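One structure is given here, and the rest of the page talks about it.
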Amino acid sequence: MKNRGFMYLVALGSLVLVVGLACGSSAAPTAAPAPTQEAQPTATESSGGDTTVTFADQNSYFTIDVPGGWKHTQDVDSDSNHWYWDVIKAPDGHAGVESVVYDDGTAWTGSQNGREALYLLHKFYSKTGQEGDIRVTSDSIQKDKSERLTWTSRGGNYSGVSFFEVRHKTAFLMFTTWWDNDYADKYKDLLDSVISSYR
C-alpha cells in the first residue's frame with residue numbers, strides 16, 4: 001500500500017482519459033491532481049461521547065460513521081472539477097476508507113460502470129498498478145442496486161471491499177474499505193461497522 005500515493009497521481013489523470021474514451025468523448029487527460037488537501041470530516045460526535053464521527057460526502061451522496069482519530073485527506077480535480085477522492089486512514093496506516101466520485105455530465109450506459117470499477121481496482125489498489133494482482137473473490141448486487149466486490153491483493157498482503165454505482169445517470173461512485181491482512185483481526189469488524197453505517 002506504500003506506493004498508492006504515487007499511483008493516485010498517475011491513475012487519476014488516466015481515469016479522465018479512460019472514462020472520456022468509454023463515453024465517446026474526445027476529452028484529453030487533465031493535469032495531475034492538485035496536492036492532497038488535509039480536511040476534517042463534516043463531523044458530529046456520536047451519542048455516548050465515543051470517538052465516532054459522521055463523515056458526509058461533499059455532494060451529499062452518502063454519510064458514514066468513522067473513527068474520530070482517523071485522518072481525512074482529499075484529492076480534487078482542480079482543472080475540470082470532474083472528480084474528487086476522499087481518503088480516511090487509520091493512524092497506523094494499516095486500514096482505510098476511501099471514496100471516489102467522478103461526474104463529467106455524461107451519462108453512463110450499459111456495463112461501463114463495472115468496467116470502470118475493475119479499472120480502478122487494478123490501477124489504485126493492485127500492488128503492481130496492473131491487472132493480475134487483484135483477485136475478486138465475490139461479486140454481488142446489493143439491495144440498494146450498488147455492486148459489491150470483495151477482493152485481495154495477491155502480492156501486497158492486503159484486502160478490501162468496494163461498492164460501486166451510478167447516481168443521477170452521470171455520477172460514478174466507488175466506496176472502498178481496505179486493510180492489511182496482518183491487521184485483519186484489529187480492523188475487519190470496525191470496517192464492517194463503517195460499511196453498515198453507509199446511508
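The values are calculated or read from the model by the stated rules, or taken from the named source; none is laboratory data. In this text, all values refer to a predicted model and were calculated from it rather than measured experimentally. FYI the Cβ positions are ideal-geometry reconstructions off the backbone, even for glycines, and counts take in every protein chain you see.
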Positions within the range 147-199 being under 20 Å from residue 54 (Cβ atoms) and not in a strand (DSSP E or B), in sequence order: 187, 189, 190, 191, 192, 193, 194, 195, 196, 197, 198, 199
Pair list, Cβ < 9 Å and 6+ apart or interchain, from the range 135-158 residues that are modelled with pLDDT of 85 or more and of a type in the set (Asp, Glu) to residues that are surrounded by 15 or more Cβ atoms within 10 Å (Cβ to Cβ) and not in a strand (DSSP E or B): 147/113; 147/117
Enumerated strands (runs of 3 or more DSSP E) restricted to the range 83-146, each holding at least 2 residues that are surrounded by fewer than 17 Cβ atoms within 10 Å (Cβ to Cβ) and of a type in the set (Gly, Ala, Ser): 134-141
